[in-house]
Every structure is written in C-alpha cells, then in structure tokens.
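Everything below concerns the one structure shown next.
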Amino acid sequence: MLKYSYLISAFSSVIIASLPLFQTVANAQEEPGCFILDSSGQINRLDPLCKRDEQQKLRNAMKAQELYQQGFDLGRKGQYKESVALSTQAINLNPSFPEAHMVRADAQTLLGNLQGAVEDFQKAIDIYRARGQSQIADMLLVPLNSLQNEIKFEQEDQGQPEVEDEPKGK
C-alpha cells in the first residue's frame with residue numbers, strides 16, 4: 001500500500017527529535033493583570049478568577065506534555081493505534097501543541113491513514129508559522145509533500161482501468 005511510509009516516518013522522527021535545537025527561548029513578558037471596568041469606570045480586580053484559569057491552563061499543558069511523551073514512546077515501540085489515541089488526548093488538552101500533531105501524523109502514516117497524517121502535518125506547520133518559527137514549518141513541508149504525492153499516486157492507481165493484454169475485436 002505505502003511505498004515510502006517508513007521513509008516518511010523516519011524523516012518526521014528525525015524532525016521531531018531535532019526540534020529542541022530549533023526552539024527559541026521566549027523572553028518573559030510582564031502580565032498586565034486581570035480586571036474589568038464597571039459602568040462607573042472603576043477597576044475591579046479579577047486576579048483570583050484569572051489565576052484559576054491560568055492554573056487550569058498550566059495543568060492542561062502539563063498533562064498534554066505527559067500524554068505526548070507517552071504517545072511518542074508508544075510510536076517508537078510500534079504501537080501506532082495507542083500512539084494516535086494518546087496524541088489525540090494531548091491535542092484535545094492543548095490544540096496548539098505542534099509536536100503532538102507531528103507524533104500523531106507519524107503514527108497515522110504508519111497505520112495507512114494518509115489523509116489524517118496530512119491534516120496533522122498541516123496543522124503543525126500552521127502553528128509553527130503563527131509562532132514565527134518558519135524554519136521548522138519549512139522542514140515539515142518535506143513529509144507533508146511526500147504524503148500528498150503518495151495520496152495522489154494511490155488515487156491515480158485506483159482510477160486507472162486495467163490494461164488488457166490484447167485489444168478486443170481482433
């Protein structure tokens with residue numbers, strides 16, 4: 001079915017493994033606080049509410065990281081369905097987690113779900129571009145284009161009529 005699935009998978013694994021080299025360290029930014037202006041123009045502080053939201057976001061990010069790592073490890077062991085499931089859980093907790101999209105794309109490639117893999121690679125590329133990390137996004141174009149070509153070739157193979165040995169009517 002897939003002529004190059006392991007090659008695509010290997011290439012995307014190399015990209016995933018090299019990501020820490022390309023990550024930029026963001027400078028901490030000062031938090032402006034959390035408040036609302038009432039109708040009289042008075043400032044009402046909402047820090048306790050915002051802190052709860054921030055704490056929940058942090059818990060979700062930490063759980064997503066844990067699920068991503070488990071999915072990554074299972075993918076390395078050849079347990080692709082389980083890898084997809086854990087990566088999906090990580091993505092549900094943190095939709096803008098490009099590495100989780102990449103791990104899921106890799107596992108989906110090896111399971112033969114090429115369209116799902118294309119969607120995940122595209123989502124990871126979009127996230128990296130939105131973050132200004134076009135170098136990483138550009139690296140992901142190679143496996144994305146390979147998958148798109150594989151889908152195109154499969155569709156062409158399925159759409160072609162069988163070639164007969166001898167023409168009819170002779």
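Local charge for Ile91 was computed over the other residues whose Cβ lies under 14 Å away, with Lys and Arg +1 and Asp and Glu -1, and equals -3. Counting only protein heavy atoms and using a 1.4 Å probe, the accessible area of Asp53 comes to about 90 Å². Taking R0 as 25 Å, what's the FRET efficiency between Ala61 and Gln115 from their Cβ-Cβ distance, rounded to 0.05? Rounded to the nearest 0.05, the efficiency is 0.30.
When only Cα pairs below 8 angstrom with a gap of at least 6 residues are kept, the range 94-145 shows a relative contact order of 33 percent.
Given the C-alpha atoms of the range 69-126, compute the convex hull and give its volume per residue in Å³.
Cα-based convex hull of the range 69-126, divided per residue, equals 58 Å³.
Asp73 sits among other residues whose Cβ lies under 12 Å from its own Cβ, and their net charge, with Lys and Arg +1 and Asp and Glu -1, is 0. Projected over every direction and averaged, the convex hull enclosing the alpha-carbon atoms of the range 59-101 yields 2.3 nm².
The values are calculated or read from the model by the stated rules, or taken from the named source; none is laboratory data. These figures come from a predicted structure and were not determined experimentally. Positions of Cβ are backbone-derived with ideal geometry, glycine not excepted, and every protein chain shown enters the neighbour counts. Just so you know, the surface numbers come from the protein's heavy atoms only, side chains and all, with ligands and any DNA or RNA stripped out. Shrake-Rupley method; radii C 1.70, N 1.55, O 1.52, S 1.80 Å.
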